[in-house]
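*Asks:* Questions regarding the structure given below will be posed in turn.
The values are calculated or read from the model by the stated rules, or taken from the named source; none is laboratory data. A quick note: this is a predicted structure, and the numbers were derived from the prediction, not measured. Here the Cβ positions follow ideal geometry from the backbone for every residue, glycine too, while neighbour counts run over all protein chains shown.
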């Protein structure tokens with residue numbers, strides 16, 4: 001089938017298939033999935049300038065579907081999501097400025113690429129070790145699965161910061177936390193997203209769990225809620241630059257919307273530590289794909 | 001949040017409802033795309049070539065409509081069919 005906007009001919013079933021796969025991952029783990037969809041889109045012949053923009057467009061639709069489903073399941077903290085968005089937007093701008101600064105020094109792709117790999121490996125390793133510990137805690141200490149976090153020290157310290165204004169997030173079970181802590185986490189995830197040029201869902205979900213102490217299921221739903229805004233904004237800016245093939249995005253979303261529902265509903269059958277354990281493999285896959293691109297084995301830009 | 005909370009019968013009913021819901025929703029998103037391709041492909045291409053700002057807004061609206069309205073329509077249809085949503 002020919003897509004008139006990007007002027008390429010691609011089998012729509014491939015696009016819907018990629019959307020379906022990324023939709024399941026997004027609905028289940030609360031990530032946008034751009035680090036997996038991007039390389040696949042490039043491999044099936046989508047021009048590189050259309051990969052990022054079109055991926056963001058389909059990500060917007062998929063995140064709406066998944067976050068609506070998570071909201072019904074009680075997994076979205078809207079208040080937390082809106083406050084995080086503010087920090088994230090500021091962080092993305094700072095991250096983008098950092099990239100501009102680095103561009104002037106040259107070799108920016110390699111620096112950002114290896115920084116990305118390092119951060120992905122760090123998140124993957126940490127989440128894996130923590131979730132294994134949490135699963136053991138459930139078995140040996142008989143701790144309720146909801147409360148089982150193998151590394152809760154950081155969240156306790158963050159909750160101890162008493163810089164006003166203090167706010168509460170009943171949907172996340174947070175009685176009192178400094179607004180600045182929440183904005184800081186949003187800023188950090190936005191900074192990494194802006195610097196690395198990714199959606200940041202794989203950074204935000206662990207930060208919500210380990211730094212703010214949000215239950216895993218709520219972290220997933222709230223992360224998706226935030227992706228709706230960040231990906232929607234990204235779609236607009238990329239479309240203005242001519243980098244979005246909306247017909248392609250609509251095909252991808254036919255698969256992604258179904259996959260996202262399956263992913264979101266599946267979280268009902270898994271406890272938080274198990275989801276985190278499965279999640280920990282995603283950053284490793286992402287890191288492997290980036291290394292392949294940095295070494296020139298897989299085409300496209302980092 | 002664990003599987004042990006559900007009886008076999010509850011799970012069977014849940015998955016059946018969910019499968020029907022997905023078939024209805026899947027059919028609608030596919031139909032929506034085919035209609036967009038049939039009637040909007042040329043106007044969208046014109047807009048893309050001549051006014052990228054308007055194209056960007058229309059693109060975002062199309063994707064949001066696909067996600068929000070069709071999901072809401074599926075919910076309404078499920079309700080009308082007398083089924084319980086798999087939630």
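*Asks:* Residues A:255, A:242, A:259: which one is under 28 Å from residue A:93 (Cα atoms) and in contact with a helix residue (DSSP H, G or I) (Cβ under 7 Å, 6 or more places away or on another chain)?
*Replies:* Values: A:255 fails: under 28 Å from residue A:93 (Cα atoms); A:259 fails: under 28 Å from residue A:93 (Cα atoms).
When all the criteria are applied, what remains is A:242.
*Asks:* Any chance segment A:273-281 includes a residue that's on the phi < 0 side of the Ramachandran plot and touching a strand residue (DSSP E or B) at 6+ places or on another chain (Cβ under 6 Å)? Reasoning before the result, please.
*Replies:* Of the residues in segment A:273-281, the ones on the phi < 0 side of the Ramachandran plot are A:273-281.
Among the residues that remain, those that are also touching a strand residue (DSSP E or B) at 6+ places or on another chain (Cβ under 6 Å) are: none.
No, the conditions are met nowhere in segment A:273-281.
*Asks:* Right, next: For residue A:122, which of the numbered conditions (1) in a helix (DSSP H, G or I); (2) surrounded by 15 or more Cβ atoms within 10 Å (Cβ to Cβ); (3) under 17 Å from the mean Cα position of the chain (by Cα) fails to hold?
*Replies:* So the condition that residue A:122 fails would be (2).
*Asks:* Which numbered condition trips up residue A:242, out of (1) closer than 30 Å to residue A:257 by Cα; (2) modelled with pLDDT of 90 or more; (3) outside any helix (DSSP H, G or I)?
*Replies:* (2)
*Asks:* From the set of residues in segment B:50-61 that are more than 23 Å from residue A:64 (Cβ to Cβ) and surrounded by 12 or more Cβ atoms within 10 Å (Cβ to Cβ), which is farthest from the other protein chains (Cβ to nearest Cβ)? Talk me through it step by step, then tell me what you get.
*Replies:* From segment B:50-61, those more than 23 Å from residue A:64 (Cβ to Cβ) are B:50-52; that's our starting set.
From what is left, the residues that are surrounded by 12 or more Cβ atoms within 10 Å (Cβ to Cβ) are B:51-52.
Details: B:51: 10, B:52: 5 Å.
This residue is B:51.
*Asks:* Take residue B:41 and decide whether it is without any contact (Cβ under 8 Å) to a residue 12 or more places away in the chain and either surrounded by 16 or more Cβ atoms within 10 Å (Cβ to Cβ) or under 28 Å from residue A:243 (Cβ atoms) (or both).
*Replies:* Values: without any contact (Cβ under 8 Å) to a residue 12 or more places away in the chain: yes; either surrounded by 16 or more Cβ atoms within 10 Å (Cβ to Cβ) or under 28 Å from residue A:243 (Cβ atoms) (or both): yes.
The answer is yes for residue B:41.
*Asks:* Being assigned to a helix (DSSP H, G or I) and within 14 Å of chain B (Cβ to nearest Cβ) is the filter; apply it to segment A:208-222 and report the residue that is nearest to the chain's Cα centre (by Cα). Steps first, answer last, please.
*Replies:* Going through segment A:208-222, the residues assigned to a helix (DSSP H, G or I) turn out to be A:208-210, A:216-222.
Next, from what is left, pick out any that are within 14 Å of chain B (Cβ to nearest Cβ): A:216-221.
Details: A:216: 14, A:217: 14, A:218: 14, A:219: 11, A:220: 9, A:221: 11 Å.
Out of the qualifying residues, it is A:220.
*Asks:* Residue under question is residue A:98, and the condition is that it be more than 20 Å from the chain's Cα centre (by Cα), in a helix (DSSP H, G or I) and surrounded by fewer than 24 Cβ atoms within 10 Å (Cβ to Cβ); does it hold? Talk me through it step by step, then tell me what you get.
*Replies:* On the way: more than 20 Å from the chain's Cα centre (by Cα): yes; in a helix (DSSP H, G or I): yes; surrounded by fewer than 24 Cβ atoms within 10 Å (Cβ to Cβ): yes.
So residue A:98 passes the test.
*Asks:* So, in segment B:62-82, exactly how many residues are farther than 24 Å from residue A:20 by Cα and buried (at least 18 other Cβ atoms within 10 Å of the Cβ)?
*Replies:* Result for segment B:62-82: 0.
*Asks:* Restricting the search to segment A:254-281, which residues are within 7 Å of another protein chain (Cβ to nearest Cβ), assigned to a helix (DSSP H, G or I), touching a residue at least 40 places away in the same chain (Cβ under 8 Å) and over 17 Å from the mean Cα position of the chain (by Cα)?
*Replies:* Passing the criteria: A:254, A:258, A:265, A:268.
*Asks:* For segment A:17-49, enumerate the residues that are out of contact with any strand residue (DSSP E or B) (no Cβ under 8 Å at 6 or more places or on another chain) and more than 21 Å from residue A:282 (Cα to Cα). So that I can check it myself, show each step before the final result.
*Replies:* Taking segment A:17-49 first, the residues out of contact with any strand residue (DSSP E or B) (no Cβ under 8 Å at 6 or more places or on another chain) are A:17-44, A:48-49.
Of everything in segment A:17-49, those that are out of contact with any strand residue (DSSP E or B) (no Cβ under 8 Å at 6 or more places or on another chain) and more than 21 Å from residue A:282 (Cα to Cα) turn out to be A:44, A:48, A:49.
*Asks:* May I ask you to verify whether residue A:75 is on the phi < 0 side of the Ramachandran plot, surrounded by 18 or more Cβ atoms within 10 Å (Cβ to Cβ) and not in a helix (DSSP H, G or I)? First the steps, then the outcome.
*Replies:* On the way: on the phi < 0 side of the Ramachandran plot: yes; surrounded by 18 or more Cβ atoms within 10 Å (Cβ to Cβ): yes; not in a helix (DSSP H, G or I): yes.
Considered against the rule, which asks whether it is on the phi < 0 side of the Ramachandran plot, surrounded by 18 or more Cβ atoms within 10 Å (Cβ to Cβ) and not in a helix (DSSP H, G or I), residue A:75 comes out as yes.
*Asks:* Next question. Looking only at residues in segment B:7-35 that are facing another protein chain (nearest Cβ under 9 Å) and touching a residue at least 60 places away in the same chain (Cβ under 8 Å), which one is surrounded by the most Cβ atoms within 10 Å (Cβ to Cβ)?
*Replies:* Among those that are facing another protein chain (nearest Cβ under 9 Å) and touching a residue at least 60 places away in the same chain (Cβ under 8 Å), it is B:21.
*Asks:* Please pick out the residue among A:196, A:179 that is in contact with a strand residue (DSSP E or B) (Cβ under 9 Å, 6 or more places away or on another chain), surrounded by fewer than 24 Cβ atoms within 10 Å (Cβ to Cβ) and either in contact (Cβ under 8 Å) with a residue 40 or more places away in the chain or more than 17 Å from residue A:123 (Cβ to Cβ) (or both). Outline the logic, then answer.
*Replies:* Working: A:196 fails: in contact with a strand residue (DSSP E or B) (Cβ under 9 Å, 6 or more places away or on another chain).
Only one candidate qualifies: A:179.
*Asks:* While we're on this one: Residue by residue through segment A:148-174, note down the ones that are modelled with pLDDT under 85 and either within 18 Å of residue A:186 (Cα to Cα) or exposed (fewer than 14 other Cβ atoms within 10 Å of the Cβ) (or both).
*Replies:* If we filter segment A:148-174 for residues that are modelled with pLDDT under 85, which is where we start, we get A:148-156.
Listed by number, the residues that qualify are A:153, A:154, A:155, A:156.
*Asks:* Considering each of A:80, A:56 in turn, give the residue that is at pLDDT 85 or above, assigned to a helix (DSSP H, G or I), in contact with a strand residue (DSSP E or B) (Cβ under 8 Å, 6 or more places away or on another chain) and buried (at least 24 other Cβ atoms within 10 Å of the Cβ).
*Replies:* Numbers: A:56 fails: in contact with a strand residue (DSSP E or B) (Cβ under 8 Å, 6 or more places away or on another chain).
Selected residue: A:80, the only one of A:80, A:56 that is at pLDDT 85 or above, assigned to a helix (DSSP H, G or I), in contact with a strand residue (DSSP E or B) (Cβ under 8 Å, 6 or more places away or on another chain) and buried (at least 24 other Cβ atoms within 10 Å of the Cβ).
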